[in-house]
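Input: a single structure, listed below in structure tokens.
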Protein chains: 2
Amino acid sequence: MATESVGMLDSPVLSAKQLEARLRSVGAERYHHQHPFHTMMHEGKLSRGQLQAWALNRYYYQSRIPIKDAIILSRSEDSDFRRAWRKRVVDHDGDAMQEGGIERWIRLAEVTGVDRERVMRCEGILPAVRYAVDAYLDLVKNRSFLEAVASSLTELFARDLISLRMDRMREHYPWLSDGLDYFTARLHQAPEDARFALQYVIEHAKSRAEQELAIGALQAKCDILWAQLDAIYFSYVQPGWPPPGAFRLES
Amino acid sequence: MATESVGMLDSPVLSAKQLEARLRSVGAERYHHQHPFHTMMHEGKLSRGQLQAWALNRYYYQSRIPIKDAIILSRSEDSDFRRAWRKRVVDHDGDAMQEGGIERWIRLAEVTGVDRERVMRCEGILPAVRYAVDAYLDLVKNRSFLEAVASSLTELFARDLISLRMDRMREHYPWLSDGLDYFTARLHQAPEDARFALQYVIEHAKSRAEQELAIGALQAKCDILWAQLDAIYFSYVQPGWPPPGAFRLES
């Protein structure tokens, strides 16, 4: 739980509007749209190798998303909830009609120049990225169900970041343009998912203590996203020392 | 499992000497004695603030050690093993006769200038340090018992690092000299513990596959130690950006 929230547990319950404002303020402060690695990406300052390192490492996150959502599915006893939430598993794993987000991410990685098999073996992924992503699975398994749902609310902030990213990628890395289908799909998937999860949190966080837990879970998720970019920046930008065994930029 | 080890599973069983040599070579390559943060420490290049950040963050690791050992205790059905292993919990938690390693680490942190309550609240710990340490708990909970024991074998390499560190700390940071009791105790505790665990691994890793799992577990543990220092270096040395909410150096 966030340190700031201790002592607030006796405070009055927030209105739906106030709770939403608090959740949005977590994003403004902690979401990874402000991370220096993203700033470099959007200013066209990343090399092809650095984009490879990013695509390769972020694949581990992408590959765990439907597992994370399956854990949440497995914890719900409500058929309506499960029916709504399972869309996320389909979005990432695909179905007979269309490929899923994982396949689209692999294509992005391929366009950067990392081959498919290497991506899928998760070879050379930074241990720190793995620990952060695994902490996300741990959160959805071991915290309350409300917190597991609330941790997905980073999707409230995804649309703006993705549309900026797509513009800047087309501008600065035109050779990447064929790899952007993942983001195109997320432009509408993320806001749909966020609306459902926000509604759920507002309805089910009835006490102030529960509201603070939900806010803390969103903050924890922001930390998990941020830590992945810290690790990538540390290894591939500055000081530029990948740990033993990790992917290395071609010199 | 380490990528290198795939394909070796049909290879002949290593002799006790060969297995020990392989384990020691993991340390030579991956143990954190070579991490640039330690190099700076030993060359006297860290500021007091950077040593505070290190002591504060490493406290989270120290605080989880007896929990990690209790998990291993809880997984053993052998009274002799448990009797031998519980020494580790006593070493870190202390008893009526003497304080334990956690208390000694808090004193080290206090000597750097962070107050005891702040240390114990784990306030401002880097999320990436937390994820790495929690990955260690996950390893001892979820991998085989042999791998849980083998992951402790970083203690084979601890004595040399600790004696170098104590010399260099007295030389470069004489104001820290009153805080070194933790290391004094570890100088004899770590080698005792390592001897027992090495013997256990040699006796119980009977097939080549098991031997490779043990080697992989030691490698995984080295990665966990290394990732903690990467996170500290990233936030407090270069580029020097602690994530939102983390401890900040006084300017």
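The values are calculated or read from the model by the stated rules, or taken from the named source; none is laboratory data. Predicted model, so just to flag it, every value in this text is computed and none were measured. For neighbour counting, all protein chains shown are included, and Cβ atoms are generated from backbone atoms with ideal geometry for every residue, glycine included.
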What are the residue pairs meeting all of these: first residue in segment A:19-30, first residue within 11 Å of chain B (Cβ to nearest Cβ), second residue surrounded by fewer than 21 Cβ atoms within 10 Å (Cβ to Cβ) and at pLDDT 95 or above, Cβ atoms under 7 Å, and 6 or more apart or on different chains?
none
Is it the case that segment A:29-47 has a residue that's over 20 Å from the mean Cα position of the chain (by Cα) and part of a helix (DSSP H, G or I)?
no
Residues in segment A:163-175: is at least one in contact (Cβ under 8 Å) with a residue 60 or more places away in the chain, within 14 Å of chain B (Cβ to nearest Cβ), assigned to a helix (DSSP H, G or I) and not β-branched (Val, Ile, Thr)?
no
Might you let me know whether segment B:64-79 holds any residue that is touching a Ser or Thr at 6+ places or on another chain (Cβ under 7 Å) and surrounded by 19 or more Cβ atoms within 10 Å (Cβ to Cβ)?
no
Checking the condition touching a residue at least 12 places away in the same chain (Cβ under 8 Å), among the β-branched types (Val, Ile, Thr), more than 9 Å from chain A (Cβ to nearest Cβ) and crowded, with 22+ Cβ neighbours inside 10 Å, which residue from B:Val111, B:Val129 passes?
B:Val129
Of the criteria (1) in a helix (DSSP H, G or I); (2) more than 12 Å from the chain's Cα centre (by Cα), which one A:Trp226 fails:
(2)
Could you please let me know if B:Arg143 is farther than 20 Å from B:Tyr173 by Cβ, basic (Lys, Arg) and at the interface with another protein chain (Cβ under 9 Å from one of its Cβ atoms)?
no
When you look at A:Pro174, is it loosely packed, with under 15 Cβ neighbours inside 10 Å, of a type outside the set (S, T, N, Q) and closer than 16 Å to A:Leu51 by Cα, yes or no?
yes
State all residues of segment B:152-201 that are within 20 Å of B:His32 (Cβ to Cβ) and among the charged types (D, E, K, R); if no residue qualifies, say none.
B:Glu155, B:Arg159, B:Asp160, B:Arg165, B:Asp167, B:Arg168, B:Arg186, B:Asp193
Apart from one, (1) in contact with an Asp or Glu (Cβ under 7 Å, 6 or more places away or on another chain); (2) surrounded by fewer than 18 Cβ atoms within 10 Å (Cβ to Cβ); (3) more than 14 Å from chain B (Cβ to nearest Cβ) all hold for A:Pro244; the odd one out is (3)
So A:Leu137 ticks every box in (1) more than 26 Å from A:Ser76 (Cα to Cα); (2) among the aliphatic types (A, V, I, L, M); (3) within 11 Å of chain B (Cβ to nearest Cβ) but one. Which box is left unticked?
(1)
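Yes/no matrix, rows are residues, columns are (1) within 12 Å of chain A (Cβ to nearest Cβ); (2) of a type in the set (Gly, Ala, Ser); (3) touching a strand residue (DSSP E or B) at 6+ places or on another chain (Cβ under 6 Å); (4) surrounded by 20 or more Cβ atoms within 10 Å (Cβ to Cβ):
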position: B:Ala185; (1), (2), (3), (4): no, yes, no, no
position: B:Ala205; (1), (2), (3), (4): no, yes, no, yes
position: B:Leu218; (1), (2), (3), (4): no, no, no, yes
position: B:Ile224; (1), (2), (3), (4): yes, no, no, yes
position: B:Ala227; (1), (2), (3), (4): yes, yes, no, yes
position: B:Asp230; (1), (2), (3), (4): yes, no, no, yes
position: B:Ser235; (1), (2), (3), (4): yes, yes, no, yes
Give the residues of segment A:114-126 that are basic (Lys, Arg) and either more than 9 Å from every other protein chain (Cβ to nearest Cβ) or part of a helix (DSSP H, G or I) (or both), sorted by residue number.
A:Arg116, A:Arg118
Has segment B:94-103 got any residue that is outside any loop (DSSP other than H, G, I, E, B) and in contact (Cβ under 8 Å) with a residue 60 or more places away in the chain?
yes
